[in-house]
1. Modelling each spin label as a point 7 Å along the Cα-to-Cβ direction, I'd like the Ala189/Lys318 distance in nm, to one decimal.
2. May I ask for the net charge around Met237, where only other residues with Cβ less than 14 Å from the Cβ of Met237 are counted and Lys, Arg are +1 while Asp, Glu are -1?
3. For every other residue with a beta carbon closer than 14 angstrom to the beta carbon of Ala348, add +1 if it is Lys or Arg and -1 if Asp or Glu, then tell me the sum.
4. Around Arg135, what is the net charge, scoring Lys/Arg as +1 and Asp/Glu as -1 over all other residues with Cβ under 9 Å from its Cβ?
5. Name the lysines eligible as straight-distance cross-link partners of Lys249: C-alpha to C-alpha under 22 Å, and not fewer than 8 places from it in the same chain.
6. With charges only on Cβ, +1 for K and R and -1 for D and E, what is the dipole size of the stretch 103-216 about its Cα centre, in debye, rounded to 20?
7. Enumerate the lysines that Lys285 could reach by cross-link, defined here as Cα to Cα under 23 Å, with residues fewer than 8 away along the same chain left out.
8. Which is farthest toward the positive dipole end of the stretch 86-230 among Val205, Tyr220, Leu126, measuring Cα position about the Cα centre, with Cβ charges +1 (Lys, Arg) and -1 (Asp, Glu)?
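Please treat every number below as a calculation from the coordinates, not as lab data. Not measured: the values here are computed from a predicted model. Don't worry about glycine lacking a Cβ; one is built from the backbone with ideal geometry, like all the others, and counts go over all protein chains shown.
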Amino acid sequence: MLQRLKTLAASIRNAFGRGASRGLDAAPGAARSLRRALPPLLILTAVTGAGYAVVTHPPIQAVPRGQAALRTNQFSGGTSEFREGSFVRIPGLHEVRLFPLRDQSFHPASLAKAGGPAPLQSIEGLSLGLDMNVRWAVDTTRLAELARKLPDDIEADVITPAVQAVVYKQIARHTVREIFSSQRAEIAASLEAELRAKLAADGIVLKGVQIGSVDLPPDYRRGMDSLLADSLASERMRYTLEIADKKVKETELQAAADKVRRETAAEAAGREQIIAARAQEEAMKHVLPFKQKQIEQRALEAQADSAARIQQAEGAAKARRIEIAAESEARQKLADAEAYRLAQVGKANASQMATEGELLTRHPLLVQKAMADKLSDKVQVIIAPPGSGGFIGSALLAGTTVPKAAQQANGTEQE
């Protein structure tokens, strides 16, 4: 189609060029020929342009599912709303804008991390992140007004600045502990109320604000977890004390009920005892003579039992005396044997010590040899310090004077 239009324009230019070159004589005929051919050419050009515009820009536009289309007449300013089906849209005459009818979700990623590009600040000045989800929708009753008022990117130009302005201001009024645990619900409600009023002025209906996890610096997060654990322990203790108090009250009520039951049972038992006592009184009239006979019989049995026990005790005493005498004789013999053994061992030890004393007197170096033998498992070389007189144990004995006989013997060996 475009090539045909170009060909038509070229033929018109050629026709004008040939008419101008023929001279003044041919001008009237060319003008008449041009006037006859110009209306069909103009009609053909208009039809061709209209067809090309229809092909490249169809005048029929469908409304996407879940959206509303608002058509505005550029000349009259009138608006028409379409929520389903198709409608006529003439390029250059109509301007169409689409608005979502379903709820939209906005998640501010820049506020989610404490180390992100735009972290929040608590009242203490601590950076923190807040995972939020904002659900919003366009006010469908004001589409004609919003078409001229709202920007094309509603989320970037309207929702994001409003959320940041409200969240930064609200979070800066609270401490980290309130944001993290104690007042999270209150903060969410306050954010939702203020943000709803702020977005309503721009024709945005706020459906809800949900607050997820709170991102804190690692060190502060560990401290906050410990503090929260202590708070939970305190709450658990409070509930435990309440339960214990209720158990005490329950015990008191049970005790009162048991008291009433015991009093009732005591009264019943008292009446039973009275009846039983009367019956027993009648029975004792017949039982007393029988009891008297039983007492006499038991007295005779006790006398017989006493005589039998006396005889058994006498026999046991005689046997015990015999056992004590035998045990005493045996212990005396064992003591004599032990005394004899100790005397013999003492004599042997005294004799051995005398022999060892004489041997050490004649050979004092045996003391050093015995000491070296004791230390041989752990020490390989022993050097006697100067001034010790050749006695290696003088330092260990804390300066004890070496026997003269040992010194003389050492001197003799050195010579």
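1. A separation of 10.4 nm, rounded to one decimal place.
2. -2
3. Local net charge: +1.
4. 0
5. Result set, ordered by chain and number: Lys259.
6. 200 debye
7. Straight-line reach from Lys285, under 23 Å: Lys293.
8. In the stretch 86-230, that residue is Val205.
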